[in-house]
1. State whether one or more residues within region 84-99 are surrounded by fewer than 21 Cβ atoms within 10 Å (Cβ to Cβ) and touching a residue at least 24 places away in the same chain (Cβ under 8 Å).
2. Only one of these is touching a helix residue (DSSP H, G or I) at 6+ places or on another chain (Cβ under 9 Å), of a type in the set (S, T, N, Q) and under 30 Å from ASN217 (Cβ atoms): THR114, THR61, THR89, THR137. Name it.
3. For VAL72, indicate whether it is of a type outside the set (Gly, Ala, Ser) and free of Cβ contacts under 8 Å to residues at least 40 places away in the same chain.
4. Could you go through region 231-240 and let me know if any residue there is under 25 Å from VAL189 (Cα atoms), surrounded by fewer than 24 Cβ atoms within 10 Å (Cβ to Cβ) and of a type in the set (A, V, I, L, M).
5. Of all residues in region 201-215, which are more than 14 Å from ILE303 (Cα to Cα), surrounded by fewer than 17 Cβ atoms within 10 Å (Cβ to Cβ) and out of contact with any strand residue (DSSP E or B) (no Cβ under 9 Å at 6 or more places or on another chain)?
6. Search region 143-166 for residues that are on the phi < 0 side of the Ramachandran plot and pair each with any residue that is in a helix (DSSP H, G or I) and hydroxyl-bearing (Ser, Thr, Tyr) when their beta-carbon atoms are under 6 Å apart and the residues are at least 6 apart or on different chains.
7. Can you find a residue in region 265-283 that is of a type in the set (A, V, I, L, M, F, W, C), surrounded by 20 or more Cβ atoms within 10 Å (Cβ to Cβ) and modelled with pLDDT under 90?
8. Only one residue in VAL390, VAL370 is closer than 20 Å to GLU331 by Cα, modelled with pLDDT under 90 and part of a helix (DSSP H, G or I). Which one?
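The values are calculated or read from the model by the stated rules, or taken from the named source; none is laboratory data. Being a predicted model, the structure only gives us computed values, none of them experimental. Cβ sites come from the backbone with ideal geometry, for glycine too, and all protein chains shown count toward neighbours.
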Amino acid sequence: MSRPSHHRAAGVHSDDLVLRELGYTPQLSRRMTGFGNAAISFSVISVLSGCMTLYGFGLTTGGPAVMMWGWVIVGVMVLFVGAGLAEVTSAYPTSGALFFMAHKLGGKKWGWYTGWLNLLGLLGAIAGIDYGCALFTGALLNLQFGFAPTPKKIILIFFAILLLHAVLNLRGVRLVNLLNGISVWWHLVGVAVIVAALAVVPAHHQSAGFVFTKFVNDTGWSSNLYVVMIGLLLAQYTFSGYDASAHLSEETANAQVAAPRGIMRAITWSWAAGFVLLAGLTFAIQDYAGTQGTDTGVPPAQIFLDALGPGGAKALLLIVIVAQLFCGNAETAAASRMIFAFSRDNALPGSHLWQRVTGGTPRAAVWLSVGVAAIIALPSLYSPTAYGAVTAINVIGITPAYAIPIFLRVKNRRRFVPGPWHLGRWGVPIGVVAVVWVAFVTVLFCLPQTRPATGGLMTVDTFNYAPAALVVMLVLAALWWRIARRGYSVPAAAVDHDMADLESDVI
């Protein structure tokens, strides 16, 4: 699927020349290797973040059967989405990534709304990853010092983690690249250590029948099918963020090949590692109800504690926390590059601030990324279900943004000129499957996750904040479109077709 193209073939043009062909002057430091590009998406997907932080959610919404088989099914579908996105990334390797692709393939307004959706998803991802890391840090402190992980204390830890990621990203892409390389091995070795410890040390393990067929519905909903569907959030949330490879393409050598390969490698590595991790955790459950109601606030911590004792639990929690720190740092890098690129085309309020680059790094964009992520997670102070909504914000923001460029590539297939990494005749059918899947999960994760117990009325504890966040973002995007659409402009590329006739065929 990766063969030379007649257009912008690898080895014919330098990376910077390709970027200039697309209309941009290179500003960022191109110091990332192909492995580093794959590593950043692998770090953002982070099975030690997504699988761990939503494991308790999975215990309630379908239990082991939905977690295990949902992981397999969602992983297959995400490979379709990833392949479709990788093909378009090869043709348009820019930091703007998704919105730039949509603009070039569909017109100005397609690019505008894709960018805002992508931005919502990326910022929601930072909030979800770093808040999950704060929860695990609270669990470790609980085991070590008897720390009570109250919402106020967790939010303070969360703010400290955001600050750490801002500082690390301000040091430049060379450090980000180094940390992502370490992150790959930390995740792979970490999963191996956790699974080996849980397999060898405990005297009791659950049966294969329990792990692969045990169904649990503690949501309050009577429809098991509905519970199965919302239980897919664990896997779908974890399998997001691989657009990081595209966002870092302006800082990657041989980006037209390295960035799409990075997307596919990250998904494949994560699929295998996540399945092993979920199986290892579930086989090691000693007390299902006790794991769900753990005083640590983090069900995997209770599994570690029951299976290995306090010392072993603390060691494994430390492995998970460091992996989550790597993950949040990589996501901050991706979000800041998207903000930089969107501002470079004057699409955000205060664009003149966020597009500034100092020492090869968009420093103001880094601060904006962590600042907005802090605001997104604030409802967790008041609602125990808000964290699930934060993760859903990530899914319903970023996943449609993946599908829009793929949809436009399928719709305008005769206009699409592929890069050196492409799917050939399989591009259209793979794209159709990807778009249908994204439409399904987007609707799914706007639905309530917990049934209200008070006469069918939604409360602070049961309300799904994700659709509200999506509506707010789309309203803001629409209002800002009216104000700033004349200033918003993606530069014309030397090889562009005339897109004027597509301007009316938009959302």
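1. Filtering region 84-99 for residues surrounded by fewer than 21 Cβ atoms within 10 Å (Cβ to Cβ) gives none.
No, region 84-99 has no match at all.
2. Step by step, each of THR114, THR61, THR89, THR137 is checked, and only THR61 is touching a helix residue (DSSP H, G or I) at 6+ places or on another chain (Cβ under 9 Å), of a type in the set (S, T, N, Q) and under 30 Å from ASN217 (Cβ atoms).
3. Numbers: of a type outside the set (Gly, Ala, Ser): yes; free of Cβ contacts under 8 Å to residues at least 40 places away in the same chain: no.
Criteria not met by VAL72.
4. The answer is no, given that none of the residues of region 231-240 is under 25 Å from VAL189 (Cα atoms), surrounded by fewer than 24 Cβ atoms within 10 Å (Cβ to Cβ) and of a type in the set (A, V, I, L, M).
5. SER207, ALA208, GLY209, PHE210, PHE212, THR213
6. Here the result reads ILE157/THR137; PHE158/TYR131; HIS165/THR332, each pair linking region 143-166 to a residue that is in a helix (DSSP H, G or I) and hydroxyl-bearing (Ser, Thr, Tyr).
7. No: region 265-283 contains no residue that is of a type in the set (A, V, I, L, M, F, W, C), surrounded by 20 or more Cβ atoms within 10 Å (Cβ to Cβ) and modelled with pLDDT under 90.
8. Working: VAL370 fails: modelled with pLDDT under 90.
Of VAL390, VAL370, the one residue that is closer than 20 Å to GLU331 by Cα, modelled with pLDDT under 90 and part of a helix (DSSP H, G or I) is VAL390.
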